Amino acid sequence: MKDVAEYLRHIKALILFMPQVVGWEVVREEAQGDAGLFRYRLNLCDGSLLEMFELFYILREQVEVRKYSFHWQDGAGNLLKRWDNAAHHSEVATHPHHVHDGTESNVLAHQPVDAETILVIVSDAVGES
């Protein structure tokens, strides 16, 4: 990626071409120099909701994600998964990277993720429903 605007266009294109997305909105989006952030809310065909947040930098044409949270819940508002890198849960081997699986208290180790990875994970899961 050569700049922040290109990365934002790339993520939005992935969302637009994801058949499981039935609606989405830009909650927040910023681009300042080599730094950017977004918060997008996606409504999926199975009634679930995916809220995506990334704070990122473009350094030497590479995307470096600094902070992220990808919150996926079912149509009734129950947590399915939330991947994030908030610095709580130091007991997790992959600290600060972790996933809340099914409940807030079920915290598991997880490798770092980014928006593109989450879109694939969620689209595969919803596609199986």
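Things worth noting here:
- Under the Karplus curve 6.51 cos²θ - 1.76 cosθ + 1.60, θ = phi - 60°, whole-Hz ³J(HN,Hα) for segment 20-26, x wherever Gly or Pro sits: 6, 7, 9, x, 7, 9, 8
- Using the empirical formula 2.2 N^0.38 Å as the baseline, the Cα radius of gyration of segment 66-121 reaches a ratio of 1.07.
- For N85, the residues whose amide H sits under 5 Å from its own are Y68, ignoring neighbours fewer than 5 places away on the same chain, with H placed 1.01 Å from N.
- Look at where the Cα atoms of segment 79-106 and of segment 29-63 average out, and the two centres are 19 Å apart.
- Longest segment of the chain lacking GluC sites (Glu not before Pro) that sit in a DSSP loop with at most 16 other Cβ atoms within 10 Å: 1-60
- Distance histogram for the chain (every C-alpha pair counted, 10 angstrom bins, percent rounded to whole numbers): 13, 43, 34, 10, 0
- Residue of L50, L16, L42 that the Gaussian network model of the chain assigns the largest fluctuation, springs spanning Cα pairs under 10 Å: L16
- Residue-wise HN-Hα couplings along segment 67-73, as the Karplus relation 6.51 cos²θ - 1.76 cosθ + 1.60 with θ = phi - 60° gives them from phi, are 9, 8, 8, 10, 9, 10, 9 Hz; Gly and Pro carry x.
- Rounded to the nearest Hz, the phi-derived 3J(HN,Hα) couplings of segment 44-58 under the Karplus curve 6.51 cos²θ - 1.76 cosθ + 1.60 (θ = phi - 60°) are 9, 4, 8, x, 7, 10, 10, 9, 10, 9, 9, 10, 9, 10, 10, where x marks glycine and proline.
Here, each number is a calculation from the coordinates, and none is a lab measurement. Everything numeric in this text was worked out from a predicted model, so none of it was measured. With ideal geometry, Cβ positions are generated from the backbone for all residues, glycine too; neighbour counts draw on all protein chains shown.
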